[in-house]
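Here it is, the structure, as structure tokens.
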Amino acid sequence: MAVEVVVAGHICLDIIPQFPRADVDYRAVMQPGKLIFVDKPVLGTGGAVSNTGLALHKLGLATALMGKVGDDLFGRAILDIVRAHSPVLAAGMIVDPQAVSSYTVVVNPPQIDRMFLHCPGANDTFAAADVRYEELRGARLFHFGYPPLMRRFYADPGELAKMFRRVKELGLATSLDMAFPDPNSEAGRAPWPVILKQALPFVDFFLPSLDEMRFMLGIEDMRGIGRQLLEWGAKTVGLKLGEDGLYVRTADRELHAPCFQTNVVGTTGSGDCTIAGFLAGWLKGQSLEQMVTSAVAVGACNVEAADATSGIIPWDKVQARIAAGWPRLKSTVAL
């Protein structure tokens with residue numbers, strides 16, 4: 001089967017301790033010096049390459065992954081997890097013997113927003129030159145995720161644009177996701193408006209979170225952010241709103257999709273899976289209205305499991321769940 005979508009960028013090993021009791025207020029006990037008992041961990045891959053890529057694969061899209069790992073224990077674990085989904089998925093991965101594999105400890109207690117302890121590792125050495133452009137030929141879509149967690153893409157303001165320009169020259173549609181950097185880090189101080197102004201003319205779908213754009217652009221208003229990003233060249237802007245769903249803006253349209261009602265087990269990877277639903281809708285030929293609905297539906301499936309992709313079900317089952325009248329949360333977004 002020919003590859004339809006290539007997902008490149010950040011990948012890591014997720015180590016997710018499981019909290020045994022839902023009736024404990026962990027905010028009260030998470031203090032220095034405290035011993036907190038947890039259950040066995042969930043081990044999975046994280047980052048855009050894994051979360052969005054594996055979600056697209058589970059939705060039934062022919063997907064290839066391009067990420068970088070070290071030749072170490074965590075790197076081998078990442079490749080093993082990817083191969084367990086399909087041996088083909090790991091074929092495009094880069095193994096750098098000189099690099100340390102990236103990992104994240106995901107602290108996700110019940111009823112508390114998740115926290116991350118993250119080592120960027122090999123992701124900091126990934127650059128535009130690492131993309132195997134010859135392997136993109138024949139694909140329809142190239143998705144790249146998390147440049148704020150990949151040093152080469154924020155240390156050089158033109159690196160992201162260089163990569164996307166080459167991809168567009170091959171005739172692919174392009175998609176870009178972001179991540180929230182530590183405000184006190186080099187990434188947090190990077191000139192993100194400059195980086196985005198150069199890259200967005202080559203991006204068809206720009207799909208960051210609202211909080212990321214508020215931080216990077218210094219603009220609070222959601223609609224103002226969407227308008228600014230379109231002026232810089234993005235063809236379609238989608239802002240992930242967490243429990244408020246997804247806001248999408250094009251040159252002549254604004255849409256908002258509230259989240260679907262579901263039993264939330266964990267929120268790791270929910271934004272990445274929302275993106276997978278949106279991109280899958282485009283690849284399946286859906287209208288923009290259908291795409292935003294599919295996006296929040298796949299995001300809702302994600303939160304029904306503790307890790308980033310175990311909750312994702314095949315595309316037809318997602319659409320059947322929507323068609324059966326899956327209830328939505330009440331919208332708090334006024335357009």
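Which of rounded, prolate, oblate describes the chain, given a ≥ b ≥ c as roots of the alpha-carbon gyration tensor eigenvalues and a/c under 1.5 marking rounded, otherwise prolate only if a/b is larger than b/c?
Because its axes are fairly even, with a/c under 1.5, the chain counts as rounded.
Can you send over the carbon and sulfur percentage of the accessible area for the chain, probe radius 1.4 Å, protein chains only?
Answer for the chain: carbon and sulfur cover 52 percent of the accessible area.
So, one more: For the range 66-120, what class follows from the C-alpha gyration tensor (a ≥ b ≥ c being the square roots of its eigenvalues): rounded when a/c is under 1.5, otherwise prolate if a/b is larger than b/c, else oblate?
Since a/c reaches 1.5 but b/c is at least a/b, the shape of the range 66-120 is classed as oblate.
Between the range 168-216 and the range 90-112, how many Å separate their Cα centres?
Each part's Cα centre sits 21 Å from the other's.
So which of LYS58/LYS284; LYS58/LYS240; LYS58/LYS235; LYS197/LYS240; LYS284/LYS317 end up more than 23 Å apart, counting from Cα to Cα?
The pairs that break the limit, which is 23 Å between Cα atoms, are LYS58/LYS235.
Compare the peptides 322-331, 179-188, 63-72 by average per-residue count of other Cβ atoms within 10 angstrom and give them in order, highest first.
Put in order of decreasing packing, that is 63-72, 179-188, 322-331.
Another question, if that's okay. Packing-wise, with mean Cβ within 10 Å as the measure, how do 101-110, 258-267 rank, highest first?
Output ranking for 101-110, 258-267: 101-110, 258-267.
Taking a ≥ b ≥ c as the square roots of the eigenvalues of the Cα gyration tensor of the range 88-220, is the shape rounded (a/c under 1.5), prolate (a/b larger than b/c) or oblate?
Here the range 88-220 falls in the oblate category.
Over the alpha-carbon set of the range 15-98, work out the extent along each principal axis and list the three values in angstrom, largest first.
45, 34, 18
Mind checking the per residue accessible area of the range 207-290 for me, 1.4 Å probe, whole number of Å²?
Accessible area per residue, the range 207-290: 39 Å².
Let me ask you something else. Over all alpha-carbon pairs in the range 189-335, figure out the percentage whose distance exceeds 27 Å.
When every Cα pair of the range 189-335 is considered, 21 percent fall beyond 27 Å.
Could you order PHE116, PHE37, PHE126 by accessible surface area, starting with the largest, using a probe radius of 1.4 Å?
So, going from the largest accessible area down, we get PHE37, PHE116, PHE126.
With both bridge residues required to lie in the chain, what share of the DSSP beta bridges run antiparallel, to the nearest 5%?
45
A further question on this structure: Which whole-Hz couplings ³J(HN,Hα) result when phi for each residue of the range 122-132 is put into the Karplus expression 6.51 cos²θ - 1.76 cosθ + 1.60, θ = phi - 60°, listed in order with x for Gly and Pro?
After applying 6.51 cos²θ - 1.76 cosθ + 1.60, I find 4, 4, 5, 9, 5, 9, 4, 5, 6, 5, 8 Hz.
The values are calculated or read from the model by the stated rules, or taken from the named source; none is laboratory data. Please read these numbers as outputs of a predicted model, since none were measured by experiment. Using ideal geometry, Cβ is built from the backbone for each residue, glycine included, and neighbour counts are taken over all protein chains shown. These accessible areas exclude ligands, DNA and RNA; they are computed on the full protein's heavy atoms, side chains included. Shrake-Rupley method; radii C 1.70, N 1.55, O 1.52, S 1.80 Å.
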